[in-house]
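Worksheet for the structure shown next.
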Amino acid sequence: MQQGNALLKTHITKRISLEDKEFEHFLSFFSTKIVKKRQYIIQPDFIPGHRSFVTKGAMRAYIIDDSGNEHNIQFAIENWWITDYNAYIYQKPATMFVMAQEDTTVLQVSYENEMKLKVLNPKFETFFRIMAERSTAYMQRRVIERLTLSAEERYEHFLDKYPSMVNRFPQYSIASYIGVTTKFLSRMRKGRLGK
């Protein structure tokens with residue numbers, strides 16, 4: 001558990017300056033949760049009560065369309081946050097599944113505790129604001145890439161940006177994330193290996 005706390009501390013202090021006592025106070029609003037492989041922490045129609053910081057393992061967030069197809073929205077490995085952000089922020093029923101891809105350990109902050117932290121210390125509020133800004137920028141980049149890059153370019157970008165994820169998530173999840181079929185991704189991978 002200490003390793004997870006240290007990971008969160010490093011993550012936070014890259015964004016804001018905190019004294020040790022301030023971090024301990026911040027951390028006291030979190031709880032540790034161990035999630036087994038294929039276990040869900042969020043499911044549609046339930047209001048998500050937490051946002052989760054991954055300290056060990058891997059998770060993914062996805063939706064299922066009317067035809068039963070999965071569409072991966074987000075991956076999270078160590079040092080990443082995950083939740084159904086729209087449902088969490090507005091405290092309304094989720095539309096996504098958030099599932100552990102591996103046995104995973106997370107540090108979770110409840111919606112209520114996050115609201116308390118933001119009031120308690122301006123630094124805490126600044127941290128959550130920075131996270132929101134970065135998340136918004138990330139989602140905008142994803143939309144633009146989806147609209148302007150070819151499938152091959154999106155795959156190359158994924159490999160360059162997230163090389164550690166390639167062997168941690170199934171091929172169909174990666175294909176869905178970059179917006180191609182599994183068959184198409186398989187062809188791209190074979191072509192890449194043949195070069």
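The values are calculated or read from the model by the stated rules, or taken from the named source; none is laboratory data. Note that the structure is predicted; figures quoted are calculated from it, not measured. Positions of Cβ are generated from backbone atoms using ideal geometry, with glycine treated the same way; all protein chains shown enter the neighbour counts.
Structure summary
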read-out	value
Residues (aliphatic (A, V, I, L, M) and in a loop (DSSP other than H, G, I, E, B)) located in the range 78-122	94, 96
Residue identified as within 15 Å of the chain's Cα centre (by Cα) and part of a strand (DSSP E or B) among 32, 55	55
Answer residue from the range 67-107, given it is surrounded by fewer than 18 Cβ atoms within 10 Å (Cβ to Cβ) and in contact with a strand residue (DSSP E or B) (Cβ under 8 Å, 6 or more places away or on another chain) and is farthest from residue 181 (Cα to Cα) among those	79
Enumeration of residues in the range 22-51 that are more than 25 Å from residue 90 (Cα to Cα) and among the basic types (Lys, Arg)	36, 37, 38
Check on residue 107, out of contact with any Gly (no Cβ under 7 Å at 6 or more places or on another chain) and either of a type in the set (Val, Ile, Thr) or within 27 Å of residue 120 (Cα to Cα) (or both)	no
Some residue of the range 132-151 being more than 30 Å from residue 19 (Cα to Cα) and either in a loop (DSSP other than H, G, I, E, B) or touching a Cys at 6+ places or on another chain (Cβ under 9 Å) (or both)	yes
Subset tally (residues that are loosely packed, with under 15 Cβ neighbours inside 10 Å and under 27 Å from residue 168 (Cβ atoms)) for the range 108-132	2
Whichever residue in the range 1-16 is closer than 20 Å to residue 129 by Cα and among the polar types (S, T, N, Q) and, among such residues, is surrounded by the fewest Cβ atoms within 10 Å (Cβ to Cβ)	10
Residue in the range 75-97 that is in contact with a Gly (Cβ under 9 Å, 6 or more places away or on another chain), modelled with pLDDT of 95 or more and of a type in the set (Val, Ile, Thr) present	yes
Filtered residues of the range 167-192 (kept if surrounded by 15 or more Cβ atoms within 10 Å (Cβ to Cβ), more than 16 Å from the chain's Cα centre (by Cα) and part of a loop (DSSP other than H, G, I, E, B))	179, 180
Restricting the range 142-151 to residues that are touching a residue at least 12 places away in the same chain (Cβ under 8 Å) and surrounded by 15 or more Cβ atoms within 10 Å (Cβ to Cβ), the residue that is farthest from residue 69 (Cα to Cα)	145
Pairs where the first residue, in the range 108-129, is at pLDDT 95 or above and the second is crowded, with 17+ Cβ neighbours inside 10 Å and among the hydroxyl-bearing types (Ser, Thr, Tyr), C-beta under 8 Å, 6+ apart	108/52; 111/88
Residue 164 vs. criteria polar (S, T, N, Q), exposed (fewer than 14 other Cβ atoms within 10 Å of the Cβ), in contact (Cβ under 8 Å) with a residue 12 or more places away in the chain and part of a helix (DSSP H, G or I)	yes
